[in-house]
1. Give me the pairs, please: first residue somewhere in the range 251-274 and within 14 Å of the ligand (Cβ to nearest atom), second residue anywhere and aromatic (F, W, Y) and not in a strand (DSSP E or B), beta-carbon distance under 6 Å, and either six or more positions apart or on two chains.
2. Check whether at least one residue in the range 191-214 is more than 15 Å from the ligand (Cβ to nearest atom), farther than 30 Å from G153 by Cα, of a type in the set (D, E) and surrounded by 13 or more Cβ atoms within 10 Å (Cβ to Cβ), and report yes or no.
3. Looking only at the range 252-289, filter to residues that are assigned by TED's automatic domain parsing to the domain that holds A189 and of a type in the set (G, A, S); which one of those is modelled with the lowest pLDDT?
4. From the list G68, G13, pick out the single residue that is modelled with pLDDT of 95 or more and touching a Pro at 6+ places or on another chain (Cβ under 9 Å).
5. Taking strands (runs of 3 or more DSSP E) that do not extend beyond the range 6-109, which have at least 1 residues that are closer than 21 Å to S218 by Cα, of a type in the set (D, E) and not assigned by TED's automatic domain parsing to the domain that holds V226?
6. With D196, D136, D141, D109 as the choices, which residue is within 16 Å of M1 (Cβ to Cβ) and among the charged types (D, E, K, R)?
7. Looking at E213, E186, E180, E245, which is the one that is of a type in the set (D, E) and closer than 17 Å to P2 by Cβ?
8. Given the criterion modelled with pLDDT under 95 and on the phi < 0 side of the Ramachandran plot, identify the matching residue among S147, S106, S190, S132.
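The values are calculated or read from the model by the stated rules, or taken from the named source; none is laboratory data. These numbers come from a predicted model, not from an experiment. Counting neighbours? That spans all protein chains shown, and the Cβs are built from the backbone with ideal geometry, glycine included.
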Amino acid sequence: MPELPEVETMVRGLRPVLEGATVRGTEVIDPFLLRDTTAEAIDLAFAGAPISEVRRRGKWVLVLSKRGPVLVIEPRMTGGFRIVEHDRPDHIRFRFLIDRPPGGVSFCDTRRLGRIRLFPDFGTASAKIAESLAEDALEIDCGLLSSRLSRTGRPIKPALMDQKIVAGIGNIYADEILYEARVHPERPASKLKKKDFEAIHAAIGRVLKVAIEAEGSSFDVDYRTVMGGEGGFLAINAMYGHEGEPCPACGTPVKKVRIAGLANRPTHYCPVCQKAPGQKSGRVIPKPK
Ligand SMILES: [Zn+2]
């Protein structure tokens, strides 16, 4: 599932193509993805005017027409954009046709779980988005994040993935962030100390920036950059997909488990670097010989 770094990579790929381009027209190939709007309404809103800006909030993409309307696209599980020809054209669900090369931008979605919504202006879109999404993970300050997390007794990992607490973090990056912060994924969020929140907040910034530089994670065939390339983060990360391999810090094999609240998605952590709830020391003291 695309998380903040993947969606940021999409937005960075779309900006040079879409921003300033005039929309010749729009094509809704699969109306199933539309929510509270129609193909006609989208075309009326965008055709004939330039696109002023492409933005991201959490895992959502916002395309702003200079005329005012905003298209909000949620890639969700398997959605993504292409500015090059798609190798599976039957998965194209929506297209912007533009007046400059490459002539069009496609939104593709294998499983059709993505959502497309139209708003009359940026203020209305922002207000609606704010009902579903908290502050973006790259913008939230430590105080606000700590106060939100400390009010939930849930394990820290699902709490970090709650888009109403902080927007943009999903299963892969939650594992990397908690490892970086040396916090066990099952510790109740409300029991964490100030230093844990500070470590988590700092780790969010570090991990997401490294992941954006690597153009995200291609953990299956669905996530590709707008050019059709794979993201490079899973070649340099520490936890996700590395079960049984040595922890980069202490050499202990990385554990893969299922935790409460995340039944279908695996969790990876280092059993030594990340103290379990109630576990006294995070370090294994070697026995004297
Ligand atoms: Zn370790």
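1. From the range 251-274, the pairs are H268/Y240.
2. Yes, the range 191-214 contains a residue that is more than 15 Å from the ligand (Cβ to nearest atom), farther than 30 Å from G153 by Cα, of a type in the set (D, E) and surrounded by 13 or more Cβ atoms within 10 Å (Cβ to Cβ).
3. Applying the filter and picking the extreme gives A263.
4. G68
5. Here the list reads 70-74, 104-109.
6. Going through D196, D136, D141, D109 in turn, just one is within 16 Å of M1 (Cβ to Cβ) and among the charged types (D, E, K, R): D109.
7. E213
8. Answer to the selection: S132.
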